[in-house]
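Novice: The following block contains the structure, expressed as structure tokens.
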Amino acid sequence: MQRLVVIPTYNEVGSIEILLTEILKTIKNLDILVVDGGSNDGTSQAVARIVNLEPRVNLISEGAKRGLGKAYLAGFEWGLARGYEKIIEMDADLSHRVIDLSGLLEAKADLVIGSRWIVGGGIENWSKSRELLSRIANKYVQFMLKLDVSDATSGFRVYHADLLRKVDLKRIKSEGYTFQIEMVRAARKVGAEIVEVPIIFREREFGKSKISRGIIFEALLRVSYWG
């Protein structure tokens, strides 16, 4: 089975080589696509060096930061065009553990979500305020949209290619982390089977978080509108 992990990057030079090395060493029969959104810290160049040495690693350099949603949609299109059967979303900042990726790949469903907020899941090194924000956000999403998912904002997930072909990806408009919620909503609309697998989410060690007030506002506005 052909499997592809899509990793969006923007100024992640401190972590990307570590992550790619660990994936290549740990997970077999898995290709990697890095979608770089115009990093100016050498991220794209660091990935390009690995691409030259490792045929399992691929790179799309977009030249400008277009947002998380656009990066993943570009990765989905690239993977579907090449016949991959499973396409994985994963963060570049080491917050998603490679050891948890194995568990996600073993689960059988149209969409497998790595969840922080189910039994066995959790977080490491988060502030209480950030934990509270994430929990409240997911409770609000569940209340408004009735998606029956505990962690709809999780960006660690596995899509079956058949599901991505059923979803009208051209209608997906969210650019920030709301993209994750919109994709769960779209999957539910086409009758997808969704399962959650527990993961441990770690605070990043390098670089800066990309969450901004604009991203939070987008999420609040879109979820309220959909609800």
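Novice: Out of Ala74, Ala46, I need the residue that is among the aliphatic types (A, V, I, L, M), under 24 Å from Ile113 (Cα atoms), assigned to a helix (DSSP H, G or I) and in contact (Cβ under 8 Å) with a residue 24 or more places away in the chain. Which one?
Specialist: Values: Ala46 fails: under 24 Å from Ile113 (Cα atoms).
Just a single option satisfies the conditions, and that option is Ala74.
Novice: Within the range 32-55, is even one residue modelled with pLDDT under 95 and open to solvent by 50 Å² or more (accessible area, probe 1.4 Å)?
Specialist: The answer is yes; a qualifying residue exists.
Novice: Restricting the range 140-196 to residues that are over 25 Å from Asp31 (Cβ atoms), aliphatic (A, V, I, L, M) and not in a helix (DSSP H, G or I), which is most open to solvent (accessible area, probe 1.4 Å)?
Specialist: Val190
Novice: Kindly provide the set of residues from the range 49-65 that are of a type in the set (Lys, Arg) and assigned to a helix (DSSP H, G or I), ordered by number.
Specialist: Within the range 49-65, Arg49 is the sole residue that qualifies.
Novice: Restricting to the range 4-43, count the residues that are more than 15 Å from Val98 (Cα to Cα), assigned to a strand (DSSP E or B) and not aliphatic (A, V, I, L, M).
Specialist: Summing the residues that are more than 15 Å from Val98 (Cα to Cα), assigned to a strand (DSSP E or B) and not aliphatic (A, V, I, L, M) in the range 4-43 gives 3.
Each row is one residue, and each column tells you yes or no for (1) touching a strand residue (DSSP E or B) at 6+ places or on another chain (Cβ under 6 Å); (2) surrounded by 16 or more Cβ atoms within 10 Å (Cβ to Cβ).
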| site | (1), (2) |
| --- | --- |
| Tyr84 | yes, yes |
| Ile87 | yes, yes |
| Leu101 | no, yes |
| Val119 | no, no |
| Ser127 | no, no |
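Novice: Another question about this same structure. What's the number of the only condition in (1) open to solvent by 50 Å² or more (accessible area, probe 1.4 Å); (2) modelled with pLDDT of 70 or more that Phe217 fails to meet?
Specialist: The number of the failed condition is (2).
The values are calculated or read from the model by the stated rules, or taken from the named source; none is laboratory data. Model, not experiment: these values are computed from the prediction. Don't worry about glycine lacking a Cβ; one is built from the backbone with ideal geometry, like all the others, and counts go over all protein chains shown. We work out accessible area using only protein heavy atoms, side chains counted, and drop any ligands, DNA or RNA first. Shrake-Rupley method; radii C 1.70, N 1.55, O 1.52, S 1.80 Å.
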